[in-house]
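Shown next, in structure tokens, is the structure this report addresses.
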Amino acid sequence: MLKIKPFFIVFEGVEGCGKSYQSKKLYKKLKKNNIPTLLTREPGGTKSAELIRNLILKDYFNKSKKDKFDKLTDTLLYLASRNEHIKNKIIPELRKKKVVICDRFIDSTIAYQVFGKKVDIKFVNNVHKYILDGLKPNLTFILKVSSQSSKRRLLKRKTRNRYDNFSQSFYTKVQNSFLKIAKNKKNYFILNSSRNDNNLEKKIYEITSKYLKLKN
Ligand code: TMP
């Protein structure tokens, strides 16, 4: 069990919501203010977890159903990669009293696998009980985006992404799931990320510095 008082920040949202961009902005701003900070992501974050990430993401481009991972295999791979990440990176870095910023965490599994793919929540919660070891995000930012904005951002990307393989209705379902997860939770902030201006990064920094009790 983690005994220190950690500070763990998570960004969540659908593809094209800008969470990777915003988490990088927050990371740079905290570093600039001399706050020891680590930026990481899921699935991935360590060498072994990145290997699992490659397996998962490659599988989405398999055409035939019989070549694809079963949804429980897929879920277990996300959880396996999370276990590697927690044990070998997140907890050791929090112990060093660093602020850890993570691009996606457990709510992605609830939104995509449980709500999106109808995997039994008991299955996920059970495995989480073993791998989380009491770890909980202190602050979660859910970035909410319009379908037009996310599409526009995804079209600009050079690499092919899974957005081509999922329908818009799947993403709407996943986004609504994130909103449902965040409802009535005090450490969750739902922020609109459809516009491309710097107000959002300012707001995120404002909220974070309040939580971290930083003097601006
Ligand atoms: P990324 O686009 O943020 O790099 O995330 C990779 C993909 O992994 C994205 O489509 C969301 C998906 N994902 C899940 O389905 N479940 C999870 O638990 C995590 C962490 C990600």
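The values are calculated or read from the model by the stated rules, or taken from the named source; none is laboratory data. These figures come from a predicted structure and were not determined experimentally. Cβ sites come from the backbone with ideal geometry, for glycine too, and all protein chains shown count toward neighbours. Keep in mind that these areas ignore ligands, DNA and RNA; they rest on the heavy atoms of the full protein, side chains included. Shrake-Rupley method; radii C 1.70, N 1.55, O 1.52, S 1.80 Å.
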**Asked** Could we say that Tyr60 is more than 18 Å from Phe7 (Cβ to Cβ), touching a helix residue (DSSP H, G or I) at 6+ places or on another chain (Cβ under 9 Å), of a type outside the set (A, V, I, L, M, F, W, C) and buried (at least 19 other Cβ atoms within 10 Å of the Cβ) here?
**Response** no
**Message:** Being under 15 Å from the mean Cα position of the chain (by Cα), within 26 Å of Gly16 (Cβ to Cβ) and within 16 Å of the ligand (Cβ to nearest atom) is the requirement here; does Ile106 meet it?
**Reply:** yes
**Fill in**
Checked pairs for region 44-59, first of a type in the set (Lys, Arg), second within 10 Å of the ligand (Cβ to nearest atom) and open to solvent by 10 Å² or more (accessible area, probe 1.4 Å), C-beta under 7 Å and 6 or more apart or across chains, list as Arg53/Pro43
**Prompt:** Within region 109-130, how many residues are of a type outside the set (Phe, Trp, Tyr) and within 12 Å of the ligand (Cβ to nearest atom)?
**Reply:** 11
**Request:** Select from region 21-37 the residues that are open to solvent by less than 70 Å² (accessible area, probe 1.4 Å), assigned to a helix (DSSP H, G or I) and either modelled with pLDDT under 95 or away from the ligand (no atom under 16 Å from the Cβ) (or both) and list them in ascending order.
**Result:** Leu30
**Asked** What are the residues in region 193-216 that are small (Gly, Ala, Ser) and free of Cβ contacts under 8 Å to residues at least 40 places away in the same chain, if any?
**Response** Ser209
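So, Lys151, is that one touching a residue at least 60 places away in the same chain (Cβ under 8 Å), more than 11 Å from the ligand (Cβ to nearest atom) and over 21 Å from Tyr27 (Cβ atoms) or not? Please lay out each step first, then the result.
Details: touching a residue at least 60 places away in the same chain (Cβ under 8 Å): yes; more than 11 Å from the ligand (Cβ to nearest atom): yes; over 21 Å from Tyr27 (Cβ atoms): yes.
Yes; evaluated as a whole, the condition is true for this residue.
Yes/no per residue for (1) more than 12 Å from the ligand (Cβ to nearest atom); (2) surrounded by fewer than 18 Cβ atoms within 10 Å (Cβ to Cβ):
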residue	(1), (2)
Thr40	no, no
Ser48	yes, yes
Leu51	yes, yes
Glu84	yes, no
Lys87	yes, yes
Ile90	yes, no
Lys97	yes, yes
Val100	yes, no
